[in-house]
Amino acid sequence: MIRGLYTSGLGMMTNMQRMDVITNNMANADTTSFKRDHVVSHQFSELMMNRLNDPWNMPGARWFKATPIGPVAPGVFVDDVFTDWTQGSLRITNAPFDVALQGQGFFIVHLNGEELFTRDGRFTSMNGMLLTSEGGRVQGLNGDIILPDGNVTIGESGRIYVNNEYVETLHLTTFTDLHSLRKMEDNFFRTTEDSVRAAFEGRVHQGYLENSNSNIVREMVQMITLSRAFETNARILSVQDETLGRAVNDIART
């Protein structure tokens with residue numbers, strides 16, 4: 001009975017963690033280039049249960065032979081939270097400093113003394129320096145990108161021209177294993193010791209932005225499913241608690 005309480009409780013806790021992830025996905029359904037997360041749950045190792053007070057197990061028995069009841073799993077837990085790297089759709093803005101990436105890749109940005117990576121191409125120009133909306137310095141092959149006054153054109157390879165004269169090339173990269181990256185706030189990602197860079201093989205689109213790959217209808221359906229699962233676990237927990245109370249208070253008096 002106690003094991004059943006723990007199993008139901010673990011199920012409720014796991015559903016709460018899943019709900020937090022889904023809520024964040026829904027909140028960022030309109031965030032440029034946002035990548036949704038999903039929860040991977042894992043079942044605790046099954047335990048082989050044996051019958052207690054079996055005659056074969058009593059002290060003085062000639063042979064020890066446990067009578068198995070069968071395997072029992074204590075419940076599930078959240079194993080990891082994975083990012084869905086599916087390409088978001090592109091929307092046209094016609095703004096010269098809006099840039100979208102088609103294919104797996106990232107812009108390299110320097111912010112607060114740290115090298116970060118993002119797919120959010122909502123850039124601005126301040127005193128000629130190309131910046132992200134959070135103030136990060138967008139990197140070119142030769143460092144910070146400084147643009148002279150004029151008409152800015154960005155080609156599909158990331159080459160930047162001002163008044164038809166070449167200025168710099170966007171420094172773009174990708175990674176052999178995208179799951180090695182760690183998501184941060186403001187649509188940035190940080191590398192880990194397992195991150196290995198690779199050449200960007202996609203295309204750059206000026207005047208476009210990448211939409212979030214979070215679909216609010218899909219997330220809402222998952223939220224309803226999780227709510228029902230949570231309520232079911234709560235009812236089972238209540239039934240087990242009531243049964244345990246009767247066993248302690250009623251059966252003990254007989």
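Here, each number is a calculation from the coordinates, and none is a lab measurement. Only a predicted model underlies this, so the values are computations on that prediction, with no experimental measurement involved. Cβ atoms come from the backbone with ideal geometry, glycine included; neighbour counts cover every protein chain shown.
Would you compute the Debye intensity of segment 91-232 from its alpha-carbon atoms alone, equal scatterers and no solvent, and pass along log10 I(q)/I(0) at q = 0.19 Å⁻¹ to two decimals? With one equal scatterer per Cα and no solvent, log10 I(q)/I(0) is -1.12.
Count charges around residue 176 for me, please; just the other residues with Cβ under 14 Å from its Cβ, Lys/Arg as +1, Asp/Glu as -1. Result for the neighbourhood of residue 176: -3. Taking amide H as placed 1.01 Å from N in the peptide plane, residue 129 has its amide H under 5 Å from the amide H of 147, each at least 5 places away in sequence or on another chain.
Which shape class applies to segment 144-222: rounded if a/c is under 1.5, otherwise prolate when a/b exceeds b/c and oblate if not, where a ≥ b ≥ c are the square roots of the Cα gyration tensor eigenvalues? Taking the square roots of the gyration eigenvalues as a ≥ b ≥ c, segment 144-222 is oblate.
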